[in-house]
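Everything on this sheet refers to the single structure shown next.
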Amino acid sequence: RTILVRQLRERADTDAKTGLLNHAAWHLRGTHELTLAERERRTAALLILDLDHFKEINDTHGHLYGDQVLAATAQVLREELRDHDLVGRFGGEEFVVLLPRLSGNDGREEVRQIAERLRRRIAGGSGPVAPPDGVPAQRLPGPPPGAAGADGRPSSGTRTGITVSIGGALFPDDGHALTGLLEVADSALYAAKRAGRDAVRIGRHTFPPEPEHA
């Protein structure tokens with residue numbers, strides 16, 4: 001019975017497409033980790049990752065292929081991050097990471113380096129699964145030549161390149177609560193998108209108001 005309860009709890013906390021924590025479970029555990037970080041006077045960081053042009057990938061190659069992209073991206077995050085880092089899927093093409101224990105003196109530079117490593121690894125030159133050193137490349141399979149895409153037209157057999165935009169926030173510099181850190185990281189993510197995507201931005205970004213049209 002104990003094993004069954006544990007399995008049901010894990011299933012309730014897990015995103016079905018990626019095996020990562022779902023939104024609710026990540027938020028609950030993240031709040032707990034920030035409470036510990038504040039108590040122990042530790043620096044932590046939060047990242048939001050958004051796959052670029054994901055709707056176009058789904059529209060061109062179909063949702064099953066899009067699910068492969070999500071699963072491959074989740075695998076990269078598991079491989080690149082530490083066991084105690086919290087990784088979740090917020091839904092759609094967005095992923096969230098809480099780094100509860102930064103090790104360096106310059107937390108902002110450390111989280112920037114981590115984010116850049118994730119960005120490069122997810123891109124991997126031509127696909128989201130770049131190989132570790134000494135391991136043959138594992139490419140996410142593209143649609144077979146001649147296969148019809150979501151629009152019904154034959155595919156050329158080439159795959160859409162995967163890139164990611166990343167926004168980050170530092171605890172406690174950018175906020176003490178998870179909600180505030182998410183807001184700062186989201187503004188940084190928006191800045192990365194405005195910079196042309198496939199980019200990293202850290203910290204709060206403000207933008208001029210949109211011009212009013214008569």
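Each row is one residue, and each column tells you yes or no for (1) buried (at least 20 other Cβ atoms within 10 Å of the Cβ); (2) at pLDDT below 95; (3) in contact with a His (Cβ under 8 Å, 6 or more places away or on another chain); (4) not charged (D, E, K, R).
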residue: 95; (1), (2), (3), (4): yes, no, no, yes
residue: 112; (1), (2), (3), (4): no, no, no, no
residue: 123; (1), (2), (3), (4): no, yes, no, yes
residue: 131; (1), (2), (3), (4): no, yes, no, yes
residue: 150; (1), (2), (3), (4): no, yes, yes, yes
residue: 157; (1), (2), (3), (4): no, yes, no, yes
**Q.** Options 51, 47; residue that is modelled with pLDDT of 95 or more and closer than 24 Å to residue 173 by Cα
**A.** 47
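The values are calculated or read from the model by the stated rules, or taken from the named source; none is laboratory data. From a predicted model like this one, the values you see are computed outputs, not experimental measurements. Counting neighbours? That spans all protein chains shown, and the Cβs are built from the backbone with ideal geometry, glycine included.
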